[in-house]
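Participant: One structure, pasted below without further comment.
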Amino acid sequence: MKIAVYGAASSLIDDLYKQAGIELGRKMVERGHGLVFGGGANGMMGSVAQGVYEKGGYLLGVVPQFFHDTNSEISFKNCTDYIYTNTMRERKKEMEENCDAFIITPGGIGTLDEFFEILTLKQLGRHNKAIAIYNINGFYNEFANSLYRMVKEKFITNDCAELCKVFTDVDEMLKYVEEYDSSEIDLSKVKIR
């Protein structure tokens with residue numbers, strides 16, 4: 001299985017996040033999975049890629065050409081394959097099309113943009129892949145609370161909130177992704193009518 005992992009590109013994040021990213025990458029390979037990611041060398045992206053690389057796993061880096069041309073983001077140098085795109089939108093599309101599941105790790109506005117796009121696309125029935133949120137160090141606690149407030153106040157259905165799952169344990173998260181059965185998800189129930 002190829003898993004798209006979204007996460008921060010910042011080199012300034014705390015080491016506890018980086019270590020969790022390395023562990024995630026190693027465990028992905030140990031369980032037979034490859035990585036599809038934004039191709040960055042730093043932050044969560046670089047840490048997960050480092051863990052995958054250390055274990056000899058498959059890495060597909062999807063990098064906007066302008067990052068490469070302007071040195072605005074340092075690319076991970078040891079990818080198995082690269083796809084260069086013209087825009088950020090194309091990057092997201094390539095990542096979505098080249099993976100079997102999604103894992104969201106801590107990140108900033110780019111990570112949230114990627115997450116909300118794949119969640120929205122799932123709600124609209126454009127894909128039915130597993131979406132797991134890796135809640136390292138309680139990073140996504142407030143987000144999870146906001147999601148359930150949206151349900152409580154009828155902005156979204158509970159079925160919509162259940163289109164993604166939040167995990168603090170990497171093994172439980174990977175088990176969820178591996179055992180995800182898209183036939184158990186009734187996308188007709190996720191929209192407010």
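Participant: Looking at Glu54, Glu73, which is the one that is among the acidic types (Asp, Glu) and either modelled with pLDDT of 95 or more or out of contact with any helix residue (DSSP H, G or I) (no Cβ under 8 Å at 6 or more places or on another chain) (or both)?
Facilitator: On inspection, the qualifying residue turns out to be Glu54.
Participant: Filter region 3-47 for residues that are among the β-branched types (Val, Ile, Thr) and more than 15 Å from the chain's Cα centre (by Cα); which is nearest to Asp169 (Cα to Cα)?
Facilitator: Per the criteria, the residue is Val29.
Participant: Determine whether region 105-124 contains at least one residue that is within 19 Å of Gly34 (Cα to Cα), of a type outside the set (Lys, Arg) and outside any helix (DSSP H, G or I).
Facilitator: Within region 105-124, one or more residues are within 19 Å of Gly34 (Cα to Cα), of a type outside the set (Lys, Arg) and outside any helix (DSSP H, G or I).
Participant: Tell me which of these Asp69 doesn't satisfy, since it passes every other one: (1) surrounded by 17 or more Cβ atoms within 10 Å (Cβ to Cβ); (2) not in a loop (DSSP other than H, G, I, E, B).
Facilitator: That leaves (1) as the condition not met.
Participant: In addition: Which of the residues belonging to region 36-58 are aliphatic (A, V, I, L, M), buried (at least 24 other Cβ atoms within 10 Å of the Cβ) and out of contact with any Cys (no Cβ under 9 Å at 6 or more places or on another chain)? Full working, then the answer.
Facilitator: Initial filter on region 36-58 (aliphatic (A, V, I, L, M)): 36, 41, 44-45, 48-49, 52.
Among the residues that remain, those that are also buried (at least 24 other Cβ atoms within 10 Å of the Cβ) are: 36, 44-45, 48-49, 52.
Met44, Met45, Val48, Val52, listed by residue number.
Participant: Please find, within region 137-166, the residue that is nearest to Phe115 (Cα to Cα) out of those that are out of contact with any Leu (no Cβ under 9 Å at 6 or more places or on another chain) and aromatic (Phe, Trp, Tyr). Don't jump to the end; show me each part of the working.
Facilitator: Taking region 137-166 first, the residues out of contact with any Leu (no Cβ under 9 Å at 6 or more places or on another chain) are 138-142, 144-155, 157-158, 162, 165.
Imposing the further condition that a residue be aromatic (Phe, Trp, Tyr) reduces the set to 139-140, 148, 155.
Numbers: Phe139: 15, Tyr140: 12, Tyr148: 17, Phe155: 18 Å.
Here the residue is Tyr140.
Participant: Of all residues in region 132-180, how many are without any contact (Cβ under 8 Å) to a residue 12 or more places away in the chain, part of a loop (DSSP other than H, G, I, E, B) and either touching a Pro at 6+ places or on another chain (Cβ under 7 Å) or loosely packed, with under 13 Cβ neighbours inside 10 Å (or both)?
Facilitator: 2
The values are calculated or read from the model by the stated rules, or taken from the named source; none is laboratory data. All values derive from a computational prediction rather than experimental measurement. Neighbour counts run over all protein chains shown; Cβ positions are idealised from the backbone, glycine included.
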